[in-house]
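Here's the structure we're looking at; comments come further down.
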Amino acid sequence: MSCLEIYNKDMMKKKGEGEETRDGTVDYYGRPSIRSNSGQWVAGIIILVNQGLATLAFFGVGVNLVLFLTRVLQQNNADAANNVSKWTGTVYIFSLVGAFLSDSYWGRYKTCAIFQVIFVIGLSSLSLSSYMFLIKPRGCGNEVTPCSTHSTMEITMFYLSIYLIALGNGGYQPNIATFGADQFDEEHPKEGYSKIAFFSYFYLALNLGSLFSNTILGYFEDEGMWALGFWASTGSAILALILFLVGTPRYRHFKPTGNPLSRFCQVLVAATKKSSVEAPSRGREEMYDEDRQEKNDSVNNTGRRIMHTDEFKFLDRAAYITARDLDDKKQGGVNPWRLCPVTQVEEVKCILRLMPIWLCTIIYSVVFTQMASLFVEQGAAMKTTVSDFKIPPASMSSFDILSVALFIFIYRRVLEPLATRFKNKDGTKGITELHRMGIGLVIAILAMVAAGVVECFRLKYADKSCTHCDGSSSLSIFWQVPQYSLIGASEVFMYVGQLEFFNAQTPDGLKSFGSALCMMSMSMGNFVSSLLVTMVVKISTVDHMPGWIPRNLNKGHLDRFYFLLAALTSIDLVVYIACARWYKCIKLEAKHEMQDMLSDDVSDTDSDDYEERLKDSKV
């Protein structure tokens, strides 16, 4: 950095004009982002509205997909449920694809734009094929009018469309949350606070979008107006894409940092090759780090250096400098499969430290998935009528969404300001992400206990002699409101805290991967829930017993399954507390500190010929 550049930068800071962001973000053209005309809530609100519209579009298809398969494509219940599970799992798998492309090659903006285009193409194809081929005769697909059979080409067109939707939404979702957080400089006090608040509002936008899909669009589709519902979803997705592109000049970007898989493998291979090398006596001072020229380059790079930690010391061997490494450097450069910088080693450590925390979130996702399955079946076996109006059991999830909105407000406006008055052991104030995730587990336990108690009373007022359990209990479905509300409250602490935690604790080059971990937690929760239900049914039906979860719930003990989940979540909470106490947070070297360090180097080493440098710079 020349003296002229240092002088001009200092003058701009004094005037308060053109101040660059401190976290290393750049604008669309790759230039350092200027705080006053980029990012912040202008860009953040655009992304929040984009997320709400995209979620509305996605759930406009997903919320009633199982009904479309049974009513329109005439599949049986088992095949339809299996196909929906495969489709949902594919969405989460594609989230890893999107995160990989974003962090490695495309960057978050380009990845979001490309996968949103794919999303729109999939929705347009589904809407067009439904209107032209699948909805025959017109108005079929409700509870009364059956649809005609379909050709192989028409079925293929349908599956191609919904898997394009899965690809588009899966690749988009883990990146849009992270891209929204990128609009706030975490090294600036005011923007750092806004960045934390963004995740709460992001989850709120997601829930508000799904609320419209679960109510308005769900009603249209249930009445057989499938094409209208799908076209509404398509229009919402197109509007979301246009809005996203309109905000392009305002966005801040982190540049992709290359393939993380190769970087991980390099650390493991280098550490293994040096398994017999003795540790240096002076720690990091004798380990491989960027030299001065590399430091200068790293200022312009998006990835901040990670401070050295003492965990997983075996991996530190990848950064030990041997005589052979020195020879390689003299002959043309460092061999990355034998010598890795400390920051690269710490990237691997970060992911390893995150894994126990991530595993502990899976049981919570098992609890969360009951809202879309057993909660609905339980509600169907209760009194669902109010006067002459019949309440769809699945619509009770609206109380979950309303609870999310309420508790986000309570947390942001009441709990968080109150918590900032108290200090944690490490000197920080307020409720940390780890605290919030633990609170989410506690509330999830209460939700399962509440569901179990309601089921006990449902059985007490149920007609045991009925052959079909729908509406067989005189207990009102509104007794389910507490369990739905508690699930909503737990989401605010667990899922919002999880988004913040994985975004904050992953290196700059792996932020999208951190968001993908949240989606993978939900995916694993579905798989574990399915496995758990299968095991419970098999074990509880021995000796010709009806089991805990029979077809007729009045002959089973669904309450025992809820209490089992409460017990498993309690055990998970104990393990989580142990993992949280062991966890060490990532420590990043601030961009502005690196720049100041370089400026100090220039002033210290070149003070004798300062006037000569000014002359060369033509000041």
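For Leu588, list long-range residues whose amide hydrogen, built 1.01 Å from N in the peptide plane, is under 5 Å from its own amide hydrogen.
Met307
Per residue of region 52-60, what does 6.51 cos²θ - 1.76 cosθ + 1.60 with θ = phi - 60° give for ³J(HN,Hα)? Whole Hz please, x for Gly and Pro, Karplus curve as stated.
Taking θ as phi minus 60°, the curve returns x, 5, 5, 5, 4, 5, 5, 6, x Hz for region 52-60.
With a Förster radius of 51 Å, plug the Cβ-Cβ distance of Met535 and Tyr28 into 1/(1 + (r/R0)^6) and report the FRET value to the nearest 0.05.
That pair, Met535 with Tyr28, gives E of 0.45.
Using R₀ = 30 Å, calculate the FRET efficiency as 1/(1 + (r/R₀)^6) where r is the Cβ-Cβ separation of Val386 and Tyr159; round to 0.05.
My answer for the efficiency is 0.15.
What do you reckon, how do Met225, Met153, Met382, Met522 stack up by accessible area (1.4 Å probe), largest on top?
Met153, Met225, Met522, Met382
Which percent of the accessible heavy-atom area of region 351-588 goes to carbon and sulfur, probe 1.4 angstrom?
Carbon and sulfur atoms account for 69 percent of the accessible area of region 351-588.
Kindly report, to the nearest 10 Å², the accessible surface of Lys390 as traced by a 1.4 Å probe over protein heavy atoms only.
The accessible area comes out at roughly 120 Å².
Of the cross-linked pairs Lys329/Lys587; Lys110/Lys349; Lys383/Lys460; Lys349/Lys587, which ones have a Cα-Cα span greater than 20 Å in the structure shown?
Pairs exceeding 20 Å: Lys329/Lys587; Lys110/Lys349.
Whole-Hz Karplus ³J(HN,Hα) for region 488-505, in order, using 6.51 cos²θ - 1.76 cosθ + 1.60 and θ = phi - 60°, x for Gly and Pro?
With the stated coefficients, region 488-505 comes to x, 4, 5, 4, 4, 7, 7, 6, 5, x, 5, 4, 5, 5, 5, 6, 6, 9 Hz.
Would you mind getting the accessible area per residue of region 30-256, heavy atoms of the protein chains only, 1.4 Å probe, in Å²?
Each residue of region 30-256 exposes 39 Å² on average to a 1.4 Å probe.
Over the heavy atoms of Ile586, what accessible area does a 1.4 Å probe trace out, to the nearest 10 Å²?
We get 20 Å² for Ile586.
So, taking all protein chains as they sit and a 1.4 Å probe, how much accessible area belongs to Arg317, in Å² rounded to tens?
60
Is the shape of region 343-440 best called rounded, prolate or oblate, per the rule: a/c under 1.5 gives rounded, else a/b larger than b/c gives prolate, else oblate, with a ≥ b ≥ c the square roots of the Cα gyration tensor eigenvalues?
Cα axes put region 343-440 in the oblate bin.
With a 1.4 Å probe and all protein chains kept in place, how do Val246, Val49, Val348 rank by accessible area, largest first?
Most to least solvent-accessible, the answer reads Val246, Val49, Val348.
Roughly speaking, what is the centre-to-centre gap between region 511-530 and region 430-466 when only Cα atoms are used, to the nearest Å?
Each part's Cα centre sits 22 Å from the other's.
Which ³J(HN,Hα) values, rounded to whole Hz and listed in residue order, are derived for region 194-200 from phi using the Karplus coefficients 6.51, -1.76 and 1.60 in 6.51 cos²θ - 1.76 cosθ + 1.60 with θ = phi - 60°, glycine and proline given as x?
5, 4, 5, 5, 4, 5, 5
Please list, ordered by chain and number, the residues whose modelled amide H lies under 5 Å from the amide H of Ser476; skip anything fewer than 5 residues away on the same chain.
Lys383
The values are calculated or read from the model by the stated rules, or taken from the named source; none is laboratory data. A quick note: this is a predicted structure, and the numbers were derived from the prediction, not measured. A quick note on method: Cβ atoms are made from the backbone with ideal geometry, for glycine too, and the neighbour counts reach across all protein chains shown. Calculation scope for accessible area: heavy atoms of the full protein, side chains included, ligands and nucleic acids excluded. Shrake-Rupley method; radii C 1.70, N 1.55, O 1.52, S 1.80 Å.
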